[in-house]
Amino acid sequence: MRKYIMFFMGILLSFIAMSDEFSEFDDFDDFSETSEEKTEINFEVNGKVGYEGRINFSDGTNDSLPFITLQTEFETSYFDIIGDFNMDKYEKYPVVEELFTRIYLNEKFQVELGKEKLIWGKGDKVHLVNNINGTDYRDFINGEYRDDLIGENMIRLIYAPSINSEAKFEFVYTPEFTPDEFATSGPWIPYSVKLVNKGLSPLNKSLEDFEPNIDKFKNDQAGFRFTNSASGLDYGFSYYRGYEKQPTIDKLLLYKAQLGDPTAIGDIMNGKLDVHYDRLDVFGIEASKVTIGGINGRFETAYYMTSDRSGNEANVKNDRIGTLIGGDRDLGEFGLHNMNFNMQVKTIFLLDKSSVEDNPLDTDYDENGDYIKNTIIVKLQDKFRSDTIKPSVKFIWNVEGKDYAIMPEIEYIYEDNLYITLGYNIYDGKETTEIGQYRDNDYIYLGLEYNF
């Protein structure tokens, strides 16, 4: 913790030294508009209220999911206050998604303090270098990417060396970290959690009984990002120092307990099952550019480095590398109405599988033997009647696991602020695969949404 404080204090002092006339607040800028263009005081409130009803075709059950979201923004020439509030549609309680202040120190330097969601990377709702915020997977892949991020308390420093350049430096520090959240009941419980709970059930225990203690300031995060644009190429480099967002569980102790080892059983009964989040460093590169044929190309790559340098520690995740390549293209000029085609390919592979593939007790062991995972995501969308009717279909396919999701949808804008959505989500594959584990969760849904 202390080393991070000294690190960011050094950055802050360096920026102060570089910033001209730091103490004279007469030329603020938010990197997109001049201080003269900013209103002296402005307060805006908007949001949406709606309802989504689902019917599961496998068992005939239905879900009723009302929701309300409220965004506020208070703007002045010197600072802004941004808030995002909603009702948790699963637990039915109010949630502060974001609430932070943005302070304009001068035309080059701004500070953000509070609970915030960040998106780093050039992918389209799929990312490899966006690691500050955890993700809410209680509804798996059914929500919007940004909506499913979990807000984190942070300090964010942004420095733009020149108003005539796109170059920007970002430094982020959070005093704690929030892991990914998964369903603990209902149809969206992950297969891996079910397996652990099955092994613990004879002892009247479940994984929830062994949640690790995530101490504030002890489990902190830090990140740096540089982005720029040149000759039509938007690019960036980033570094993240924090933790894996999904837990590692001591499989060996569970296995011994299942065999009846009294010491292992006693350890579990006394709450000594090791459930932890591995330390993680991520080095990332991102880029986007309009390429040949007018394709909006996107690219990300990341090296995920853990403390298991040799790959021999069964209770620590191994290093891995990820790549994301994709793009989208409007197809209207080819006579295909107003259609847009979007495709992204994400690849994750383990760097050293030799000590993993023959050891079912290793945390990286995959019972399907898939140590390289390619995911293809395709979305095709069209627009009719002055963009008021928008049919689309999304297809997600995990190549090695052969599991997939097909998600057709049609959105109808009845009036400027009233949206009606009808869709059908289909999941299939082996129970042991990422999407196939939800093969019994096919559902049809009807959504109503009013924006204000």
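The values are calculated or read from the model by the stated rules, or taken from the named source; none is laboratory data. These figures come from a predicted structure and were not determined experimentally. Here Cβ is always computed from backbone atoms with ideal geometry, including for glycine, and neighbour counts include all displayed protein chains. Quick note on the areas: whole protein, heavy atoms, side chains included, nothing else; ligands and nucleic acids left out. Shrake-Rupley method; radii C 1.70, N 1.55, O 1.52, S 1.80 Å.
Structure values in brief
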{"quantity": "Assigned charges on the beta-carbon of Lys, Arg, Asp, Glu; the chain dipole about Cα centre (debye)", "calculated": "1200"}
{"quantity": "All lysines inside 29 Å of LYS92 as judged from Cα atoms, apart from same-chain residues fewer than 8 positions distant", "calculated": "LYS48, LYS115, LYS117, LYS125, LYS194, LYS198, LYS205, LYS216, LYS245, LYS394"}
{"quantity": "Segment 366-451: trypsin sites (Lys or Arg not before Pro) falling in loop per DSSP and having at most 16 other Cβ within 10 Å", "calculated": "ARG385, LYS402, LYS430"}
{"quantity": "Listed residues TRP120, TRP397 arranged by accessible area, highest first, probe 1.4 Å", "calculated": "TRP397, TRP120"}
{"quantity": "Gyration tensor verdict on segment 393-432 (Cα atoms; rounded if a/c is under 1.5, prolate if a/b is larger than b/c, oblate otherwise)", "calculated": "prolate"}
{"quantity": "Simple Cβ-charge dipole of segment 52-208, Lys/Arg +1 and Asp/Glu -1, about Cα centre, in debye nearest 20", "calculated": "460"}
{"quantity": "Surface share of carbon and sulfur [accessible, 1.4 angstrom probe, percent] for the chain", "calculated": "56"}
{"quantity": "Rounded Å value of the spacing that divides the Cα centres of segment 164-186 and segment 294-315", "calculated": "17"}
{"quantity": "Whole-Hz couplings from phi, Karplus 6.51/-1.76/1.60, listed for segment 412-418; x for Gly and Pro", "calculated": "10, 8, 5, 9, 4, 10, 10"}
{"quantity": "Mean Kyte hydropathy of 1.0 or more with a Cα span along the axis of at least 20 Å, helices from DSSP in the chain", "calculated": "2-18"}
{"quantity": "Helix-only mean residue ellipticity at 222 nm for the chain, each DSSP H run of n ≥ 4 adding -39500 (n - 2.57), per residue, nearest 500", "calculated": "-3000 deg cm²/dmol"}
{"quantity": "Under DSSP loop assignment and at most 11 Cβ neighbours within 10 Å, longest GluC sites (Glu not before Pro)-free interval of the chain", "calculated": "145-366"}
{"quantity": "Accessible solvent surface per residue of the chain, calculated while the other protein chains remain in place, 1.4 angstrom probe, Å²", "calculated": "51"}
{"quantity": "Between segment 191-256 and segment 96-118, the alpha-carbon center distance in angstrom", "calculated": "26"}
{"quantity": "Dipole of segment 376-452, positive end: most advanced residue of PHE452, ASN417, ILE396 [Cβ charges, Cα centre]", "calculated": "ILE396"}
